[in-house]
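Just below is one structure, and these are the notes that go with it.
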Amino acid sequence: MMRKTPTVWVTSWGAAARAEVQRREESEPSIRLESAAWWVWLELPSTHSFAYPIYDSQVGYICGFMTVRKERRARGQQYWVAYRRIGGRVRKIYQGRAAQLTQQQLAATAERFLAMEVAARRGGIDGQKEVMPGQIGGASLEREAMMRRVK
């Protein structure tokens, strides 16, 4: 039997966004993000990953999904990491522990992946450093922060 990855669906975008993760299980098929059931579900040993939509407001639709996976690190703790293939390479963004996995953080990560995808379409990011929102050109984030302090 083929396993289907649970998917988060955002019913309204913007300030009052509501999101639910849809699962294939019969008992309680959907869970609202940031509810008590959400935090319990993230900690379950059977929960390994889920998909989150990347919404492009410029075109008005979902342009793809990022996969958020639970990984065990060397210290024995479990952390969540988001993955997305952009420009032929798999990119990853650290999310933190389950308690840090909020709807706002997932939306911000989706925006970062969208910015990387737009940069890849414009000129490619394969040989360049990743440019995050708010970062000028190819400058490093440390240099960017230093230049803002100087101003």
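Every read-out reported here was derived from the displayed coordinates using simple, explicitly stated rules and does not represent laboratory data. Note that the structure is a prediction, hence the values are computed from the model and not measured. Note that we place each Cβ from the backbone using ideal geometry, even for glycine, and neighbour counts take in every protein chain shown.
Label positions at residue 74 and residue 56, each projected 7 Å from the Cα along the C-beta direction, are separated by 3.9 nm.
Residues whose amide H lies under 5 Å from that of residue 86, counting only those 5 or more places away or on a different chain, are 91; hydrogens are built 1.01 Å from N in the peptide plane. Segment residue 83..residue 11, full-extension length gain: 23.7 nm, with 0.36 nm per residue of separation and the alpha-carbon distance subtracted.
For region 53-122, the convex hull spanned by the alpha carbon atoms encloses 82 Å³ per residue.
Take the Cα of residue 39, step 7 Å toward its Cβ, do the same at residue 104, and the gap between the two points is 1.6 nm.
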